[in-house]
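Chemist: Structure below; questions to follow.
The values are calculated or read from the model by the stated rules, or taken from the named source; none is laboratory data. Given the structure is predicted, the values throughout are model-derived calculations rather than measurements. Glycine gets a Cβ as well: all are built from the backbone with ideal geometry, and neighbour counts include every protein chain shown. Calculation scope for accessible area: heavy atoms of the full protein, side chains included, ligands and nucleic acids excluded. Shrake-Rupley method; radii C 1.70, N 1.55, O 1.52, S 1.80 Å.
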Amino acid sequence: MKEFGYQRVLDVPGAVALLGAEPDARYLGGGTNLVDLMKTGVERPGLLIDVRDLPLDRIEATEDGGLHIGATVTNSDLAAHPEVRRRYPALAQAVLAGASGQLRNMATVGGNLLQRTRCGYFTDTAKPCNKRVPGSGCPAIEGEHRNHAILGASAHCVATHPSDMGVALSAFDAVVTYETADGPGELPLSEFYLPVGDTPHLETALPAGALITGVTLPPAPVATVSRYRKVRERASYAFAIGSVAAALDVQDGTVRDVRLAFGAVASRPWRALTAERLLTGGPATAEAFAAAADAELAAAEALPDNGYKVTLMRNLVTAVLTELAEEAAR
């Protein structure tokens, strides 16, 4: 174990300044991902900056009717919050599907967004990995890739992003707020994660030294009828092999609004914009839902052992949207 320092901070400017003075420092929230990576040697920070005591642990209504979620809100508190459950039920469901109760009690919203892939080649420092050591190769392409990406991957990386929460946030156009030494900023979640390309080690568009301060959800009436469905290899706590966050507004059998995002199929939460465009204004039928899923998945580039995800996601999208349409009709 590499020796490292530890310092607790009580204000956002102090945290940002401390990271600026220690380039190999890392912010520590719940530590549910970072500490694991330190144990395996993937992360080797010289200093941990504990941000859990920052005043960023509230969920508050915004003036326009949305919600702002502080970065240090725990996953447990997020899932239990009455306004989250009422306005964005798919988000609460995604968080509850994401981990065990003990982990949810520790994990924070900001840390959840920044968690890194669980690809076995990434977490094993004895193996090459372009995400961990740029230019070393991606052995998953020829090796074990059953749970890897079918959308948006490249010849340099086929890992998937592990967050459940991020999938629901993507469906509802969340915006990430942050603080740097130059002041505050924000990034739509649609721009937060970088495409893999030939630089898979560059994962987010956050400026250097930035501290995530929260996530803002804009008002979304469609989100009140929403669902998160996760498929995993065992019923207990496990990462997804495919998931869907969906919201649907149907009137007289016609789709007025729809939100759709996929998880465990790409290096980032995958917003299904093609499917949304095809569905909006059309019939709310299982046939239309399946056709929209097929259109979104037409860009899939499966590897020999993960082609099953195309069928899985088609069936998952069709089932979830059909359930929401039936709910809306009641």
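Chemist: Taking region 272-318 on its own, how many of its residues are in contact with a Lys or Arg (Cβ under 9 Å, 6 or more places away or on another chain), open to solvent by 40 Å² or more (accessible area, probe 1.4 Å) and closer than 19 Å to ASN147 by Cα?
Modeler: Of the residues in that region, 3 qualify.
Chemist: Exactly one condition in (1) part of a strand (DSSP E or B); (2) open to solvent by 40 Å² or more (accessible area, probe 1.4 Å) is not met by ALA247; state its number.
Modeler: (2)
Chemist: Look at GLY20 and say whether it is surrounded by fewer than 19 Cβ atoms within 10 Å (Cβ to Cβ) and closer than 17 Å to SER163 by Cβ.
Modeler: No.
Chemist: Find the residue count for region 193-220, including only residues that are within 22 Å of ARG52 (Cβ to Cβ) and outside any loop (DSSP other than H, G, I, E, B).
Modeler: 7
Chemist: Looking for whichever is in contact with an Asp or Glu (Cβ under 7 Å, 6 or more places away or on another chain) and either hydroxyl-bearing (Ser, Thr, Tyr) or not assigned by TED's automatic domain parsing to the domain that holds TRP270 (or both) here; the options are THR177, THR160. Which one fits? First the steps, then the outcome.
Modeler: On the way: THR160 fails: in contact with an Asp or Glu (Cβ under 7 Å, 6 or more places away or on another chain).
Exactly one of THR177, THR160 is in contact with an Asp or Glu (Cβ under 7 Å, 6 or more places away or on another chain) and either hydroxyl-bearing (Ser, Thr, Tyr) or not assigned by TED's automatic domain parsing to the domain that holds TRP270 (or both), namely THR177.
Chemist: Taking region 37-64, which residues are open to solvent by 40 Å² or more (accessible area, probe 1.4 Å) and of a type in the set (Asp, Glu)?
Modeler: ASP53, ASP57, GLU60, GLU63, ASP64
Chemist: Can I ask one more? Can you pull out the residues in region 60-87 that are closer than 12 Å to LEU217 by Cβ and part of a helix (DSSP H, G or I)?
Modeler: Correct list: LEU78, GLU83, VAL84, ARG87.
Chemist: Name the pairs whose Cβ atoms lie under 6 Å apart, with the first residue in region 142-155 and assigned to a loop (DSSP other than H, G, I, E, B), the second surrounded by 22 or more Cβ atoms within 10 Å (Cβ to Cβ) and among the basic types (Lys, Arg), and 6 or more positions between them or separate chains?
Modeler: ILE150/LYS309
Chemist: Out of the residues in region 113-124 meeting the condition of being open to solvent by 20 Å² or more (accessible area, probe 1.4 Å) and assigned to a helix (DSSP H, G or I), tell me which one is farthest from ARG234 (Cα to Cα). Show your work before the answer.
Modeler: Going through region 113-124, the residues open to solvent by 20 Å² or more (accessible area, probe 1.4 Å) turn out to be 114-116, 118, 120-121, 123-124.
Subset that is assigned to a helix (DSSP H, G or I): 114, 120-121, 123.
Working: LEU114: 25, GLY120: 18, TYR121: 22, THR123: 21 Å.
This residue is LEU114.
Chemist: Kindly establish whether ALA238 is at pLDDT below 95, out of contact with any Leu (no Cβ under 7 Å at 6 or more places or on another chain) and open to solvent by less than 20 Å² (accessible area, probe 1.4 Å).
Modeler: Considered against the rule, which asks whether it is at pLDDT below 95, out of contact with any Leu (no Cβ under 7 Å at 6 or more places or on another chain) and open to solvent by less than 20 Å² (accessible area, probe 1.4 Å), ALA238 comes out as yes.
Chemist: Just checking, which of LEU37, LEU48 is of a type in the set (A, V, I, L, M) and not in a helix (DSSP H, G or I)?
Modeler: So the residue among LEU37, LEU48 that is of a type in the set (A, V, I, L, M) and not in a helix (DSSP H, G or I) is LEU48.
Chemist: Also, I was wondering about something else. Residue pairs, Cβ under 7 Å, 6 or more apart or interchain, first in region 280-296 and outside the structural domain of VAL320 (by TED's automatic domain parsing), second among the aliphatic types (A, V, I, L, M) and surrounded by fewer than 18 Cβ atoms within 10 Å (Cβ to Cβ). List them.
Modeler: Here the result reads none, with nothing in region 280-296 linked to a residue that is among the aliphatic types (A, V, I, L, M) and surrounded by fewer than 18 Cβ atoms within 10 Å (Cβ to Cβ).
Chemist: Looking at (1) more than 27 Å from GLY5 (Cβ to Cβ); (2) surrounded by fewer than 21 Cβ atoms within 10 Å (Cβ to Cβ); (3) in contact (Cβ under 8 Å) with a residue 12 or more places away in the chain, which one does MET106 not meet, given that it meets all the others?
Modeler: (1)
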